[in-house]
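Quick one: the structure is below, and I'll ask about it shortly.
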Amino acid sequence: MLIAFFSLSDSYSQDLEPHLLSALPVKGNFAVVSYGYSSGNILLDNSLPIEDLKSTLNNIIIGYARSFRLFGRLAKFDAIIPFSFANFTGKVSQIDTSTSRTGFGDPLFRISMILVGTRALDAKDFFKVPQKKFNLGFQFRVRPPLGQYYPDKLLNLGANRWAFKLGLAASYTIKKKLILEGHFISWFFTANNKFLGDNRITQKPLISGQFHISYIFKPGLWLAVSFGEGGLGQTLLNGVEQDNLQKTSRYGAAFAYRIGKHHSLKVAFTSGVSTRYGADFNTLIIAYQFMWFDKK
């Protein structure tokens, strides 16, 4: 019986994301284009006749974010649309096999808000007011099933199910230079009723935590190191619980540099310490961001 489930869009749940609670003025707009290269193993259930499954991915991601005032607090909306070129190699019933996928993955939409700490200020007032040392906030993210999906294929760019991410985050700034930040995150999933034909697969919630340490050299120039660990997320195939409890540990680093008033570059790297099921990738990302504020 086939009891594993994997889609490349699920690898977004492994992202390590420092500076989620960054202070910024309202009415800010941020356009992002990034390129990411990932390579590594995909760990499937041992009952499948697939061994040594490896993948390389070239991902192009475009995104947009906007800061605004919500219930008097600082909030941000962001959207991400990924396009992937993926190649797979492995052994199926001891025979060397390869395949590829090219297309859009599932997009991601999110609202985040600072509940305690940084106030929602316009640009003219933002730089006049000292920033709060402690911030507490939340995020709510939605991943609709809009990516490429083939019901008769095991490996896909989309997941053919809705996913919802709820998260709490807190940060504390020491002497305006050192930022300690922690996230607690849960992913929830609807059912995929077209898994390898007409099979129905569901997944229990995935729970994860992240910890980040950032050092700000000067405004717009910072370095962060991160560590994250996640678990649970067992699947049920046609109502039967599978023995595929997930457990992942990842680390990463990110460096950001602002070029002038409106432009910035970011380089990030993540890798796995251990992975029980799913994608165990090393990922390098290079991103360009253009920022502007609404005219009065």
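Pairs please, first residue from region 226-253 and in contact (Cβ under 8 Å) with a residue 40 or more places away in the chain, second anywhere and assigned to a loop (DSSP other than H, G, I, E, B) and of a type in the set (Ser, Thr, Tyr), Cβ atoms under 7 Å, 6+ apart in sequence or on different chains.
Partner pairs satisfying both residue conditions: ASN244/TYR277; GLN246/TYR277.
Kindly indicate whether any position in region 276-286 is on the phi < 0 side of the Ramachandran plot, assigned to a strand (DSSP E or B), crowded, with 17+ Cβ neighbours inside 10 Å and touching a His at 6+ places or on another chain (Cβ under 7 Å).
Checked region 276-286: no residue is on the phi < 0 side of the Ramachandran plot, assigned to a strand (DSSP E or B), crowded, with 17+ Cβ neighbours inside 10 Å and touching a His at 6+ places or on another chain (Cβ under 7 Å).
Which members of region 115-135 meet the condition of being over 24 Å from LYS261 (Cβ atoms) and open to solvent by less than 60 Å² (accessible area, probe 1.4 Å)?
The answer is GLY117, ASN135.
All but one of (1) surrounded by fewer than 20 Cβ atoms within 10 Å (Cβ to Cβ); (2) at pLDDT 95 or above hold for SER112; which doesn't?
Single failed check for SER112: (1).
Another question, if that's okay. Filter region 136-156 for residues that are over 19 Å from LYS194 (Cβ atoms) and open to solvent by 10 Å² or more (accessible area, probe 1.4 Å); which is farthest from the chain's Cα centre (by Cα)?
The residue in question is LEU136.
Looking only at strands (runs of 3 or more DSSP E) that fall completely inside region 186-263, which ones have 2 or more residues that are open to solvent by 20 Å² or more (accessible area, probe 1.4 Å) and charged (D, E, K, R)?
Numbers: elements: 192-195, 199-203, 206-218, 221-232, 235-237, 246-259.
In region 186-263, the matching strands (runs of 3 or more DSSP E) lie at 246-259.
The rows are residues; the columns are (1) out of contact with any Phe, Trp or Tyr (no Cβ under 8 Å at 6 or more places or on another chain); (2) of a type in the set (D, E, K, R); (3) modelled with pLDDT of 85 or more; (4) under 16 Å from LEU20 (Cβ atoms).
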{"site": "LEU236", "(1), (2), (3), (4)": "yes, no, yes, no"}
{"site": "GLN246", "(1), (2), (3), (4)": "no, no, no, no"}
{"site": "GLN289", "(1), (2), (3), (4)": "no, no, yes, yes"}
{"site": "LYS295", "(1), (2), (3), (4)": "yes, yes, no, no"}
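Specify the residue that is surrounded by the fewest Cβ atoms within 10 Å (Cβ to Cβ); the eligible residues are those in region 157-176 that are out of contact with any Phe, Trp or Tyr (no Cβ under 6 Å at 6 or more places or on another chain) and over 18 Å from LEU108 (Cα atoms).
Among residues in region 157-176 that are out of contact with any Phe, Trp or Tyr (no Cβ under 6 Å at 6 or more places or on another chain) and over 18 Å from LEU108 (Cα atoms), the one surrounded by the fewest Cβ atoms within 10 Å (Cβ to Cβ) is LYS175.
The values are calculated or read from the model by the stated rules, or taken from the named source; none is laboratory data. What you see is a predicted model; the values in this text were computed from it and never measured. Glycine gets a Cβ as well: all are built from the backbone with ideal geometry, and neighbour counts include every protein chain shown. The accessibility values were calculated without ligands, DNA or RNA, using every heavy atom of the protein model including side chains. Shrake-Rupley method; radii C 1.70, N 1.55, O 1.52, S 1.80 Å.
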